[in-house]
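Working notes, structure below.
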Amino acid sequence: MANRFRMSEASMGDPPCEATRNSTGHHLTRWLAAWALLVAASFAFGGILRGLGVLPIDHLPPLHAHFRVLTITLLPAAAFGVAAVRVLPGVVARLNFGAALAAAYACALAWTVLLAVSGDGLAAPFTHKEEYLAVLPVVGDDPSRWLAAFTRDLPAYPTHVRGHPPLPVLVLWALNATGLSGPLWAALLVVVVGCSAAVAIALTVRRLSGEDAARHALPYLALAPASVWIATSMDALFAGVGAWGVALLVCGRDGWRRLACGMVAGVLLGALPYLSYGLVPYLLIPAAVAVVVRLPRLTIVAVLAGAAAVTAAFASAGFLWPAGALATHAQWAADPGAARPYLYFLVADLAALALVSGPATTAGLTQGIPYGVRITVLATLAAVLALDVSGVTRGEVERIWIPYTLWIGLAASFAEGPGGGRAGARRRRAAAGRQDRPPFTSDHRWLASQMVTGLLLQGLIASPW
């Protein structure tokens with residue numbers, strides 16, 4: 001009787017639901033068309049500007065890359081991606097949450113590495129003379145001496161070192177000091193930490209919007225198009241550090257554990273401005289999360305204490321962040337990148353964000369997202385807009401956006417909303433009366449679109465990172 005009532009109720013609701021789905025479908029089509037137009041127009045205008053000689057250092061604007069065509073070498077990644085799209089959602093839905101996190105992390109690692117080895121290899125970006133490893137001989141056995149003179153000697157350093165605070169070099173120096181030296185170990189560190197951002201973000205989503213939402217997000221985090229640049233850009237390491245800083249804000253539930261997590265979160269979040277000057281707006285993300293979960297005052301004090309400890313440590317070692325930021329800005333102003341046209345990249349940088357986030361993210365942003373996740377995504381978008389408008393991110397943002405893209409990409413996992421779409425509606429009706437079905441359902445086409453976007457980016461774009 002109860003089942004007949006449910007089936008009857010579903011049938012009675014079919015006509016209005018069909019009308020609603022049609023309306024939603026037209027709305028979604030317009031947004032996806034806008035996504036495609038933004039990306040295509042940015043490449044078209046970028047090509048024109050390059051032809052006119054306005055963008056001499058970018059061969060494929062808005063990306064800092066070259067065009068290429070990969071063939072058979074991309075097949076292992078493609079085969080894995082297809083299998084992951086079909087299998088991973090079911091796996092993370094069935095396993096206990098800890099095992100689901102482990103499965104998603106393993107998938108992210110495999111996907112990221114397979115994409116990298118299909119091209120120039122995992123370690124290739126770190127072999128460039130303008131990368132961080134090139135300055136390690138100057139650091140030598142006395143990192144404190146090097147740190148104290150960092151701002152003064154900045155003009156003599158490689159491009160990436162001049163464009164960042166000193167902490168990335170110190171991280172690689174510490175790795176080298178343990179005996180794990182060379183480009184391959186540096187690349188492995190970046191990939192391992194960068195892919196772990198998926199786990200940290202899922203833990204945060206569980207606190208914000210529940211375990212079901214976190215499980216639903218895991219496949220999209222593991223197969224994010226940004227994986228192309230997680231292997232291998234130092235910005236992926238920044239993404240991992242930032243994501244764990246946010247996750248630790250909400251992981252401690254009681255007593256000393258809460259204070260300890262808050263202190264470690266403060267250290268990680270306080271380290272972000274010393275990893276990249278472009279991560280200062282990132283702090284909007286933990287601020288939004290703290291508001292949503294109503295972080296206790298003692299935890300906030302612990303976070304601030306941890307962040308203050310990082311600042312104090314660098315200051316006592318002789319590096320003052322404001323002075324470093326001013327010195328880096330002076331180097332940037334003298335670099336050819338500063339001559340890139342502001343108005344073009346004001347729009348094109350957002351097109352790069354849309355491309356790296358994937359079409360499913362645009363679809364999700366136009367539909368229903370749980371409150372806690374929505375506030376976090378909006379805070380991330382505000383941070384990106386602040387950087388974009390500032391004008392200091394003109395090009396090369398496919399890597400710069402990585403720490404932000406993974407949070408914005410959460411929207412992709414809610415592209416159809418709870419049970420949305422035709423396939424979702426069919427499954428909802430078929431599952432009527434079942435008590436174990438997850439509240440978030442979608443077919444695999446959105447996840448497949450993210451995976452295919454990653455394959456296309458890897459197969460058609462040769463990036464220095």
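Values in this text are rule-based calculations from the coordinates and carry no lab data. Quantities reported herein were computed from a predicted structural model and do not represent experimental measurements. Here the Cβ is made from the backbone with ideal geometry for all residues, glycine too, and neighbour counts use every protein chain on show.
Its Cα gyration tensor gives the range 318-427 an equivalent ellipsoid, and the semi-axes of that ellipsoid, as √(5λ) in whole Å with the largest first, are 35, 16, 9. Take each peptide in 28-35, 390-397, count the other Cβ atoms within 10 Å of every residue, and average; sorted highest first, the result is 390-397, 28-35. Quick one: net charge around VAL205, please, counting Lys, Arg +1 and Asp, Glu -1 for every other residue with C-beta under 15 Å from its C-beta. Around VAL205, the charge tally is +2. Sorted on the mean count of surrounding Cβ atoms within 10 Å across their residues, most packed first, peptides 108-119, 192-203, 147-158, 84-95 read 192-203, 108-119, 84-95, 147-158. Among 379-389, 159-169, the peptide with the highest mean count of other Cβ atoms within 10 Å heads the list, and the full ranking is 159-169, 379-389.
Computed over the chain, the P(r) tail beyond 27 angstrom holds 56 percent of alpha carbon pairs.
For the range 56-170, the direction-averaged projected area of the alpha-carbon convex hull comes to 11.1 nm². May I ask for log10 I(q)/I(0) of the range 183-245 at q = 0.20, 0.27 Å⁻¹, from a Debye sum over the Cα atoms as equal point scatterers with solvent left out? Ignoring solvent entirely, the Cα scatterers give -0.71, -1.06. Mean projection of the Cα convex hull over all viewing directions, computed for the range 290-330: 4.0 nm².
Provide the net charge surrounding ALA288, with neighbours chosen by a C-beta distance below 14 Å and charges set as Lys +1, Arg +1, Asp -1, Glu -1.
With Lys, Arg at +1 and Asp, Glu at -1, the net is +3.
Listed from fewest to most Cβ neighbours within 10 Å, the set ARG340, ARG50 follows the order ARG50, ARG340. Can you compute the modelled spin-label distance between LEU95 and HIS27, with each label point 7 Å from Cα toward Cβ, in nm? A separation of 3.5 nm, rounded to one decimal place. Under a model in which nothing but the beta-carbon of Lys, Arg (+1) and Asp, Glu (-1) is charged, the chain shows a dipole of about 1500 debye around its Cα centre. Compute the long axis of helix 97-117 from its Cα atoms, compare it with the longest principal axis of the Cα atoms of the chain, and write down the angle in degrees, 0 to 90, nearest 10. The angle comes out near 60 degrees. Using only alpha-carbon positions in the range 211-315, the gyration tensor eigenvalues give semi-axes of 24, 20, 10 Å once each is multiplied by 5 and square-rooted (largest first).
Which whole-number percent is the relative contact order of the chain (Cα, under 8 Å, 6+ apart)?
24 percent
For the range 165-214, the spherically averaged projection of the C-alpha convex hull amounts to 4.6 nm². If one computes the Cα centroid of the range 118-164 and of the range 267-330, what distance in Å separates the two points? Using only Cα atoms, the two centres lie 22 Å from each other.
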